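The values are calculated or read from the model by the stated rules, or taken from the named source; none is laboratory data. The model shown is predicted, which means the values in this text are computed figures rather than measured ones. All Cβ positions, even for glycine, are placed from backbone atoms using ideal geometry, and neighbour counts span all protein chains on display.
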Amino acid sequence: MSGVLVIVNPEAGRGRARREWDEVRRKLQAAGIAFDALLTTRRHEAMEIAEKESHARDCIVAAGGDGTVHEVVNGLMRAGGKAAFGLISLGSGDDFEKLLSPGNAIERLKSRNPRLFDVGRIACGGATRYFANGMDIGFGAHGAANVARVPRFLTGFGAYLGALFLTMVRYPKLNIELGVDDGPPERLATTMTAAMNGTTFGGSFRVCPDAKPDDGLLDLLVVDAIGRLSILQLVPKILRGAHAGDPRLRMARARRVAIDSAEPLLVEADGEVVFEDARRLEIDLLPGALRVRG
């Protein structure tokens, strides 16, 4: 078997994928793209399908949001990254789509000259998870967990804004030891520490606006342990990508990052909570590991 497999997460975008999939399918057929489609019914199923089908397909397409991207990319990496990756964005934030070439998804899928994207890797307690866009601990991770608590009538950026305000009620200030490349570990207190392959998370928060998914480097954002007023002051800056140089944070680039904590850490990657009680994280980048039609 060859060709294109589309993995559809009907729950993506708070049901957006279910509502729009029939129209997307008709457009794919009208464009002459030969494809099979599978709809997922549970969490992690997209990861399992992508891993199983990777060796038999030319391209595996995630039809959903960033969580679906995360699962499909993890499946491809577990299988050795044989198939190309494609995306039909049907989510709420759609951060990964912002890294792709301008144009519509169907035109990108027809491309036979895939781009090579880096893939982030997190090792934690013997387990490994990959990320396409970015990961973080602290405020962003708790915000990702809180998205599920936001009323379902809030969609898109509204859902992430709702999660932000829920997180403001209670968020961690973490004491960690941070190691960057071959430098000595540094003890610090942080509200959020992120390692990004892409530029945004939460749909509109431009945490690392100069990041590039194919430069072989992680972009880091480390925010000091700050109070609610400072967070509210920083949010508009981060939305504009104008926070570089603010004394309450720092930005850097690295190939490897290590994070140690005496207290358990909640960890998100691509908007998904991937670890709930991490004590040590080893984060690095696999240059050019993902062939992307886009």
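Looking at segment 211-240, which of its residues are touching a residue at least 12 places away in the same chain (Cβ under 8 Å) and under 27 Å from residue 288 (Cβ atoms)?
Hits for segment 211-240 are 211, 213, 214, 215, 216, 217, 218, 219, 220, 221, 222.
Residue 61 passes all but one of (1) closer than 17 Å to residue 271 by Cβ; (2) surrounded by 15 or more Cβ atoms within 10 Å (Cβ to Cβ); which number fails?
Of everything listed in (1) closer than 17 Å to residue 271 by Cβ; (2) surrounded by 15 or more Cβ atoms within 10 Å (Cβ to Cβ), residue 61 misses just condition (1).
Looking at segment 27-46, can you tell me whether even one residue there is touching a Ser or Thr at 6+ places or on another chain (Cβ under 6 Å) and free of Cβ contacts under 8 Å to residues at least 60 places away in the same chain?
Within segment 27-46, one or more residues are touching a Ser or Thr at 6+ places or on another chain (Cβ under 6 Å) and free of Cβ contacts under 8 Å to residues at least 60 places away in the same chain.
Show me the strands (runs of 3 or more DSSP E) found entirely inside segment 1-120 where at least 3 residues are closer than 19 Å to residue 198 by Cβ.
Fully inside segment 1-120 and qualifying: 59-64, 84-89.
From the list 50, 34, which one is hydrophobic (A, V, I, L, M, F, W, C) and surrounded by fewer than 16 Cβ atoms within 10 Å (Cβ to Cβ)?
Of 50, 34, the one residue that is hydrophobic (A, V, I, L, M, F, W, C) and surrounded by fewer than 16 Cβ atoms within 10 Å (Cβ to Cβ) is 34.
Which of the residues that make up segment 64-76 are in contact with a strand residue (DSSP E or B) (Cβ under 6 Å, 6 or more places away or on another chain) and farther than 15 Å from residue 48 by Cβ?
69
Within segment 99-117, work out how many residues are of a type outside the set (A, V, I, L, M) and surrounded by 16 or more Cβ atoms within 10 Å (Cβ to Cβ).
Adding up the residues that qualify gives 5.
Taking the condition of being surrounded by fewer than 16 Cβ atoms within 10 Å (Cβ to Cβ), touching a residue at least 60 places away in the same chain (Cβ under 8 Å) and among the hydrophobic types (A, V, I, L, M, F, W, C), how many residues in segment 118-156 meet it?
Going through segment 118-156 one residue at a time, the tally reaches 2.
With the requirement that a residue be out of contact with any strand residue (DSSP E or B) (no Cβ under 7 Å at 6 or more places or on another chain) and either within 17 Å of residue 90 (Cβ to Cβ) or touching a residue at least 40 places away in the same chain (Cβ under 8 Å) (or both), what does segment 47-63 give you?
56
Please verify whether residue 185 is out of contact with any Asp or Glu (no Cβ under 6 Å at 6 or more places or on another chain) and in contact (Cβ under 8 Å) with a residue 24 or more places away in the chain, treating the condition exactly as stated.
no
Being of a type outside the set (Lys, Arg), touching a strand residue (DSSP E or B) at 6+ places or on another chain (Cβ under 9 Å), over 30 Å from residue 111 (Cα atoms) and free of Cβ contacts under 8 Å to residues at least 40 places away in the same chain is the requirement here; does residue 276 meet it?
Taking the combined requirement at face value, the residue satisfies it.
Identify, please: which residue in segment 123-161 is among the charged types (D, E, K, R) and assigned to a strand (DSSP E or B) and is, among those, nearest to residue 294 (Cα to Cα)?
The qualifying residue nearest to residue 294 (Cα to Cα) is 129.
Confirm whether residue 79 is touching a strand residue (DSSP E or B) at 6+ places or on another chain (Cβ under 7 Å), hydrophobic (A, V, I, L, M, F, W, C) and outside the structural domain of residue 132 (by TED's automatic domain parsing).
no
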